[in-house]
Amino acid sequence: MLPDTNYDSFAEAYSTENESSLINAFYERPAVLDLVGDARNRRILDAGCGSGPLTKALGSRGAIMTGFDASKEMIRLARQRLGDEADLSVADLAQPLPFEDDRFDDVVASLVFHYLPDWVSPLKEIRRVLRPGGRLIMSVNHPLLYPLTNPGKGYFNLTKYSDEHTFNGQPGTLTYWHRPLHAMTDAFSKAGFHIETVSEPPYSADAPAEIIPPQFKDRDSFLSFIFFALRAQ
């Protein structure tokens, strides 16, 4: 089942925004890279790779990269960025993955799971393609984000919702599934993972001053995403 969000319709605009935005380039991506750590000679799968900025960053750190995305347009852009530096394909995280068992040392899933109503089946597929003891590094919308930005809405229910955004001047709609924290951790356990790290990091000290909104000038943290490092049992 393909996600409700159709990235094909605004892939190029999203990719351009992603290159230098505070939320992606100086917050989410550095946090994922920090959790991955030493990537040299590790076989890493980028699940939901988009146009490939994280794939590129990990490859530059010595990882052997494979990536996939449900968006054909995103994969086209990723191939332009990466050439033959990574094995790229169109695939749906909500379906069986086109990889053999125990293939990867790590999987990264950057801002992709919050598009899925079910987590257990995709997590089991990721567990299958990881070697025993391999890791999943993932980021998703923070579970407090939905009730805080939608006053009066409940925290504890699985809830589908959409947000309107502008990416590099082009409008785009992102449709998510909110789930409470305990539903996230229950899914990890059911799929055969245990949690090593839960992270709510600050944005990077390298963020240019001109891209930091005024309300964030006096602090280095804000509520947006939550990050997990999981170990396959």
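Bear in mind that the values in this text are calculations on the coordinates, not laboratory data. Since the model is a prediction, treat every value here as computed from it, not as a measurement. Cβ: placed from backbone, ideal geometry, glycine included. Neighbour counts: every protein chain shown.
Observations on the model:
- Residue check for PHE68: among the aromatic types (Phe, Trp, Tyr), in contact with a strand residue (DSSP E or B) (Cβ under 7 Å, 6 or more places away or on another chain) and closer than 22 Å to THR16 by Cα: yes
- Test result for GLU200, over 21 Å from LYS124 (Cβ atoms) and acidic (Asp, Glu): yes
Each row is one residue, and each column tells you yes or no for (1) within 17 Å of the chain's Cα centre (by Cα); (2) farther than 28 Å from TYR7 by Cα.
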site: TYR115; (1), (2): yes, no
site: GLY134; (1), (2): no, yes
site: PRO147; (1), (2): no, no
site: MET184; (1), (2): yes, no
